[in-house]
1. Val133: β-branched (Val, Ile, Thr) and farther than 20 Å from Ile194 by Cα, yes or no?
2. Can you go through Val251, Val225, Val211 and tell me which one is over 30 Å from Glu123 (Cα atoms), modelled with pLDDT of 85 or more and in a helix (DSSP H, G or I)?
3. Filter region 111-157 down to the residues that are at pLDDT 85 or above, of a type in the set (Val, Ile, Thr) and open to solvent by 80 Å² or more (accessible area, probe 1.4 Å) and list them by number.
4. Any idea which of Leu279, Leu208 is of a type in the set (A, V, I, L, M, F, W, C) and open to solvent by 90 Å² or more (accessible area, probe 1.4 Å)?
5. When both residues are 6+ apart or on different chains and their Cβ atoms are under 8 Å apart, which pairs have a first residue that lies in region 193-215 and is in contact (Cβ under 8 Å) with a residue 24 or more places away in the chain, and a second that is assigned to a helix (DSSP H, G or I) and basic (Lys, Arg)?
6. Where the second residue is open to solvent by 80 Å² or more (accessible area, probe 1.4 Å) and the first is of a type in the set (S, T, N, Q) and lies in region 120-145, which pairs have Cβ atoms under 8 Å and are six or more apart or on separate chains?
Amino acid sequence: LNERDKILNQNSQFQHKIAEYFRKKKGADERQEVEKSVTDQEQRYTKCLQALDELEIENDRVQKEAEVRISEEKDKMEEKKSHVDEMTSQYFEFKRGVARQAVNSRSGKPLAIKDIDQYVLNEKKKEEEVIAVRLENIKLINKLKKRETQLKQKEELADGLHLIDFEQLKIENQTYNEKIEERNEELLKLRKKITTTVQVLTHVKEKLQFVQGENAGQREKLKLVEFDVAKKRDILSRTKQARDALRIDNVRQRKRCGLIGQESLLRDLEVRKDDSESLSHAIEELQNRHMELLMQVDGVRQKVDAVKVNAM
């Protein structure tokens, strides 16, 4: 690219020289127009055409050489690019191998293949961004060099235009310098951002692995608890079945045993039995008293009958 820009600058210089040559010749022809004959003008015109032909031939030669050089440089660039791509692929593959053998400092476990691929992919994206910024920086530097070359060419022109072009190019140069500084600052910020992102990503990965380890432990505990709960549910189900069987058997036994186990009925039965015995005893006493009274009545009747008999 630099060789191509150099050739283009040479071409531009030749064109400026041709224009300056014709301008000077034109001015000289106008000053000597009255003194010179038509033959001299034709001779000058012929010489100018010859000079123009020579310059065109030189321009064609330079362009052909430039095309040949551009083609060679393109071939070299493609070869270097393929070599760089191969080295880059080997570099990332080497990093993958190192990452596969790496162990987390907290959990002590190796890194996951998915995390390694994601990390390599992010790094490739960042490298592509850095390459794009570098290319833009190189383009701006080449433009700066081109402007500087044009500035040097302008120095060969007239003094009146020289100062104006110089000031204009100076302003443009300052603008490009500011752009280059901005690009450099952006590149520096991007590199810092990449470093910060990598650190944050590493921290997040370590935290994720730690949380995944805790999650695995909690899952194991949950499995044990679920197993214990299922076991206790089975025991509870069997206990309920035994309880229901005992309840049914208890009802059946109560039906068979009558009043056994019914304290209130037994107490009532005892009370009634005692009352019955008391009443029977009272009836017996009353019967005895009734017999005594009957006997007394019979005695009184006998006495009355005896008195009646005596009275008669």
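1. no
2. Val225
3. Matches in region 111-157: Ile138 only.
4. Residue meeting the stated conditions: Leu279.
5. Partner pairs satisfying both residue conditions: Ile194/Lys126; Thr197/Lys126.
6. Cβ pairs passing all conditions: Asn137/Arg183; Asn142/Leu1; Asn142/Asn2.
Residues are listed down the side, and each one gets a yes or a no for (1) open to solvent by 90 Å² or more (accessible area, probe 1.4 Å); (2) modelled with pLDDT under 80:
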site	(1), (2)
Thr39	no, yes
Gln43	yes, yes
Ala51	no, yes
Asp75	yes, no
Lys81	yes, no
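The values are calculated or read from the model by the stated rules, or taken from the named source; none is laboratory data. Keep in mind that what you see is a predicted model, and the values were worked out from it rather than measured. Every residue, glycine among them, receives a Cβ derived from its backbone with ideal geometry; neighbour counts consider all protein chains shown. Surface accessibility is based on the protein's heavy atoms, side chains included, excluding ligands, DNA and RNA. Shrake-Rupley method; radii C 1.70, N 1.55, O 1.52, S 1.80 Å.
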